[in-house]
Amino acid sequence: MKVAVVGASGYSGEELVGRLLNHPCTELTAITSRQYAGQTLNKIFPRFATKSVADALKFTEPNPAAIAQLAEIVFLALPHGAATEYAQALLNKNIRIIDLSADFRLNNSETYEQFYDKKHPAPELLGEAVYGLPEFYREEIRTAKLVASPGCYPTSILLPTVPLLKAGLIKSTGIIANSLSGVSGAGRNTETPFLYSECNESVRPYSIPKHRHLSEIEQELSHATGESVLIQFSPHLVPATRGILTTQYLAPNEKFKSESEEQALGEKISHCFEEAYGNEPFVRLLPSGALPDTKNVTHTNYLDLAWRLDRRTGRLILMSAIDNLVKGAGGQAIQSFNLMGGFRETAGLI
């Protein structure tokens with residue numbers, strides 16, 4: 001299948017390009033970047049120099065009409081607000097889209113305006129987009145024309161939490177999520193806060209208390225439980241290149257003050273996760289005693305998941321780790337692509 005990447009020079013775009021070059025079912029026919037237009041892929045990303053196509057493949061200006069002649073499915077790896085015009089033009093030419101920005105993740109244009117401080121440029125497309133979390137929307141993704149690939153933080157929060165909400169094992173109120181992210185989550189950013197000397201040997205919170213990803217997190221949690229859900233979310237920047245570690249604190253619907261009650265609830269939680277993810281290719285339920293570690297998921301499309309019950313506080317602690325550029329961006333987009341193309345879901349990802 002012929003594919004193109006619009007915005008191929010960013011971190012997510014680079015991740016997509018590398019994996020699509022190695023994908024057994026794709027031909028990468030177009031890559032765009034205004035900054036590098038006219039230059040070969042080899043020159044800008046020397047790590048692809050061994051790929052025969054990389055010597056001939058050149059970055060071009062992002063022209064929807066030209067791209068539509070070259071590709072059947074197009075990945076949009078653009079900042080939020082920039083993807084809509086390309087998506088509209090390509091959809092008009094019957095090209096299928098996987099968008100990695102936030103432009104189509106929300107169902108409601110008013111929520112978009114509330115969190116992104118501007119009106120949505122194409123609210124009529126919000127109803128057409130499928131939220132690209134394969135573990136929850138696999139069948140919808142297969143036939144979608146427009147897939148809105150989730151954000152990295154939402155992926156790390158939703159996958160552990162949604163099955164428990166659907167099973168009625170946790171309360172939908174009082175959810176607290178703390179996430180630690182590597183600096184690549186900010187993209188290829190030259191602003192002072194993201195320079196090496198500013199980030200190295202430093203850990204800091206940011207976007208408190210209303211990070212933009214809260215909008216899609218709360219949207220999907222609300223879908224899962226059938227009622228409006230609000231959570232407390234605190235993201236932190238850590239001196240690492242890749243990876244997200246998320247810890248959540250939740251209130252079970254059952255009290256577990258005795259050892260037997262704790263064991264009974266633990267068995268229900270284990271069964272819930274096993275039912276949800278026992279056959280999922282990219283969610284790993286860690287064995288008893290193990291905890292997530294970003295070094296075990298970087299450069300992979302896996303989410304590692306563990307949990308603990310704290311009888312002293314009556315809380316359930318959920319912990320997950322992903323690579324923000326793979327399961328949190330390019331890898332998850334390719335997982336959706338595989339479903340759309342009728343390919344093996346793990347193609348190009350293992």
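Each reported figure results from applying straightforward, stated rules to the coordinates on display, with no laboratory input. Bear in mind that the values here come from a model prediction, so they are computed numbers and not experimental data. When we count neighbours, we look across all protein chains shown, and the Cβ atoms used for this are built from the backbone with ideal geometry, even at glycine.
Classify the stretch 211-350 from the C-alpha gyration tensor, please: rounded if a/c falls under 1.5, else prolate or oblate depending on whether a/b exceeds b/c. Prolate shape, in that a/c is at least 1.5 and a/b is the bigger ratio. With the simple model of a label 7 Å out from the Cα in the direction of the Cβ, A37 to V203 spans 4.4 nm. Within a straight-line Cα-Cα reach of under 26 Å, K93 can be paired with the following lysines, leaving aside sequence neighbours fewer than 8 residues apart in one chain: K2, K58, K119, K145. Can you tell me the FRET efficiency between E254 and S288 if r is taken as the Cβ-Cβ distance and R0 is 25 Å, rounded to the nearest 0.05? Given R0 = 25 Å and the Cβ-Cβ separation, E is 0.80. Using 0.36 nm per residue and subtracting the Cα-Cα separation, the extra length available between L230 and R142 on full extension is 28.7 nm.
Note on the stretch 153-324: lysine pairs with Cα distance below 19 Å, sequence gap of 8 or more or different chains, count 7. The charge dipole of the stretch 153-324, taken about its Cα centre with unit charges on the Cβ of Lys, Arg, Asp and Glu (plus for the first two, minus for the last two), comes to roughly 320 debye.
A Gaussian network model of the chain, with springs between Cα atoms under 10 Å, assigns the largest mean-square fluctuation among A177, A87, A65 to A65. For the stretch 2-128, the relative contact order is 22 percent, taking Cα pairs closer than 8 Å that sit 6 or more residues apart in sequence and dividing their mean separation by the residue count. Averaging the sequence gap over all C-alpha pairs within less than 8 Å and six or more residues apart, then dividing by the number of residues, gives the stretch 153-324 a relative contact order of 30 percent. For the pair the stretch 290-350 / the stretch 1-39, the C-alpha centres are spaced 23 Å from each other. Computed on the Cα trace of the stretch 82-209, the radius of gyration divided by the Kirkwood hydrodynamic radius gives Rg/Rh = 1.01. For the stretch 111-117, putting each phi into the Karplus relation 6.51 cos²θ - 1.76 cosθ + 1.60 with θ = phi - 60° gives couplings of 5, 4, 5, 5, 9, 10, 6 Hz, in residue order, rounded to whole numbers and with x for Gly and Pro. Distance between the 7 Å Cα→Cβ label points at A264 and K210: 4.3 nm. At full extension, N108 and T346 could sit 82.5 nm farther apart than now, given 0.36 nm per residue minus the alpha carbon distance.
Over the chain, what number does the Rg to Rh ratio reach, with both radii from the alpha-carbon atoms and Rh per Kirkwood? Rg/Rh: 0.97.
From its DSSP helices (H runs of at least four residues, each -39,500 (n - 2.57)), the chain gives a residue-normalised ellipticity at 222 nm of -9500 deg cm²/dmol. With a cut-off of 13 Å, note down the residues of the stretch 9-40 whose backbone N falls inside the zone around a label point 7 Å from the Cα of T190 toward its beta carbon. Within reach of a label on T190, which here means backbone N under 13 Å from a point 7 Å along Cα→Cβ, the stretch 9-40 contributes 35-36. Calculate I(q)/I(0) for the stretch 267-350 by the Debye formula, one identical point scatterer on each C-alpha and no solvent, and give its log10 at q = 0.21, 0.25 Å⁻¹ to two decimals. The Cα Debye sum returns log10 ratios of -1.00, -1.21.
Taken about its Cα centre, the chain carries a charge dipole of about 520 debye when Lys and Arg each add +1 at the Cβ and Asp and Glu each add -1 at the Cβ. Taking the average, over residues, of other Cβ atoms within 10 Å as the packing measure, peptides 10-17, 129-136 rank 10-17, 129-136 from highest down. Principal axis extents of the C-alpha atoms in the stretch 173-260 (largest first, rounded to whole Å): 50, 32, 19. In terms of Cα atoms, the Rg and Dmax of the stretch 2-128 work out to 15.1, 47 Å.
Applying 1/(1 + (r/R0)^6) with R0 = 25 Å to the Cβ-Cβ distance of H271 and T173 gives a FRET efficiency near 0.60.
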